[in-house]
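S.K.: The following block contains the structure, expressed as structure tokens.
The values are calculated or read from the model by the stated rules, or taken from the named source; none is laboratory data. In this text, all values refer to a predicted model and were calculated from it rather than measured experimentally. Backbone-built Cβ (ideal geometry, glycine too); neighbour counts: all protein chains shown.
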Amino acid sequence: MDLLFVCLGNICRSPAAEGVALVLSRGDSRIGRIDSAGMGPWHAGNPPHVTMCEVARAAGYPIDDLRARQVDRSDFFEFDWILAMDRQNQRDLLALQATFGGKAKIRLLLDGAPDGIYEVPDPYGGAISDFQDSFSLIRSGVRAFLAHP
């Protein structure tokens, strides 16, 4: 299974999900490529947000070396799963896939989460607690997805 995590700019939520998945999937023969991307080009080439890097590193999931990129047509053909952080990202991805085609299954990262929360809030511009809250949801979502794709 090749996994792509997507948020709006690829500097907060999706790189955190990528980092968590990279660590949690070690030794899992079902998992191939893991990547993240953003719907927009604004941060392409940039590292993740400094606060998300701090939160992820403190939890044991370093993401400092990741770099932002925008979702590309090829992603819909190369990845088995595209996991969106919120409903708007999911709608945008489904609209792109309707144009591009591709094999990828698109869903929210938190679909099927036991607590009934379906979206990871965007912490961009918020306090450190916003980043911590989003990271906690991401870690739970990635764990749940890896257990039951």
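S.K.: Any idea which residue in the stretch 20-30 is surrounded by the fewest Cβ atoms within 10 Å (Cβ to Cβ), counting only those that are under 15 Å from the mean Cα position of the chain (by Cα) and either closer than 20 Å to Y124 by Cα or not small (G, A, S) (or both)? Before you say what the answer is, go through the steps one by one.
M.R.: Our first condition is that a residue be under 15 Å from the mean Cα position of the chain (by Cα); within the stretch 20-30, this holds for 20-25.
Filter once more, so that each one left must be either closer than 20 Å to Y124 by Cα or not small (G, A, S) (or both): 20, 22-24.
On the way: V20: 25, L22: 18, V23: 16, L24: 18.
Step by step, filter the stretch 20-30, then rank; the result is V23.
S.K.: Of the numbered conditions (1) small (G, A, S); (2) without any contact (Cβ under 8 Å) to a residue 24 or more places away in the chain; (3) surrounded by 20 or more Cβ atoms within 10 Å (Cβ to Cβ), G38 fails exactly one; give the number of that condition.
M.R.: That leaves (2) as the condition not met.
S.K.: One residue is enough: does the stretch 1-10 have a residue meeting the conditions farther than 16 Å from A84 by Cβ and out of contact with any Lys or Arg (no Cβ under 6 Å at 6 or more places or on another chain)?
M.R.: No, the conditions are met nowhere in the stretch 1-10.
S.K.: Something else now. Looking only at the stretch 77-104, filter to residues that are among the aromatic types (F, W, Y) and surrounded by fewer than 21 Cβ atoms within 10 Å (Cβ to Cβ); which one of those is farthest from I138 (Cα to Cα)?
M.R.: Filtering the stretch 77-104 for residues among the aromatic types (F, W, Y) gives 77, 79, 81, 100.
Subset that is surrounded by fewer than 21 Cβ atoms within 10 Å (Cβ to Cβ): 77, 81, 100.
On the way: F77: 24, W81: 16, F100: 28 Å.
Here the residue is F100.
S.K.: Continuing with this model, one more query. Just checking, does the stretch 96-110 include any residue being at pLDDT below 95 and either assigned to a loop (DSSP other than H, G, I, E, B) or among the aliphatic types (A, V, I, L, M) (or both)?
M.R.: First, pick out the residues of the stretch 96-110 that are at pLDDT below 95: none.
There is no residue in the stretch 96-110 that is at pLDDT below 95 and either assigned to a loop (DSSP other than H, G, I, E, B) or among the aliphatic types (A, V, I, L, M) (or both).
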